[in-house]
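What follows is a set of notes on a single structure, which appears directly below.
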Amino acid sequence: MELFPAMTRFYEAIDDDVRIGTTHISLYMALLQQWNLNGGINPVIIVRVTIMKVAKINARYTYNKCMKNLHEFGYIKYIPSNSCIVNSIVYLKGLQ
């Protein structure tokens, strides 16, 4: 019995993707957890500092690079905010 199919689908998708590293996986799992805590509603409104903490990412450069990569590789749709008032938005792809 599949308890969390969204996670299984992600791991199946990255199985042969050599571009994905451990930091990408950690970041995606943090986003997936935020989606889960949000009741499974897509898109997810995120706070960078919170996602970085959960993903155990300390450098803002690494966070930005991995978010951009996940977006470019088609795992998420990332709509960054350049405002400290408005949060960024992430659509997790392939959840349904």
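We did not get these values from a lab; they are worked out from the coordinates using the rules stated. Remember, predicted model here, so these are calculated numbers, not experimental data. Here the Cβ positions follow ideal geometry from the backbone for every residue, glycine too, while neighbour counts run over all protein chains shown.
Observations on the structure shown:
- Angle in degrees between helix 22-37 and the longest Cα principal axis of the chain, rounded to the nearest 10: 90 degrees
- Counted residue by residue at 0.36 nm each, then reduced by the alpha carbon distance between them, the extension gain from residue 61 to residue 37 reaches 6.1 nm.
- Distance between the pseudo-spin-label points of residue 87 and residue 72 (7 Å out from Cα toward the beta carbon): 2.7 nm.
- Counted residue by residue at 0.36 nm each, then reduced by the alpha carbon distance between them, the extension gain from residue 7 to residue 29 reaches 7.1 nm.
- Relative to the longest principal axis of the Cα atoms of the chain, helix 5-14 runs at roughly 90 degrees.
- Take every Cα pair under 8 Å whose residues are at least 6 apart in sequence, average their separation, divide by the length of the chain, and the relative contact order is 30 percent.
- Largest-first principal axis extents of the Cα set of the chain (Å): 41, 30, 21
- Cβ-placed point charges (K, R +1; D, E -1), dipole of the chain about Cα centre in debye, nearest 20: 480 debye
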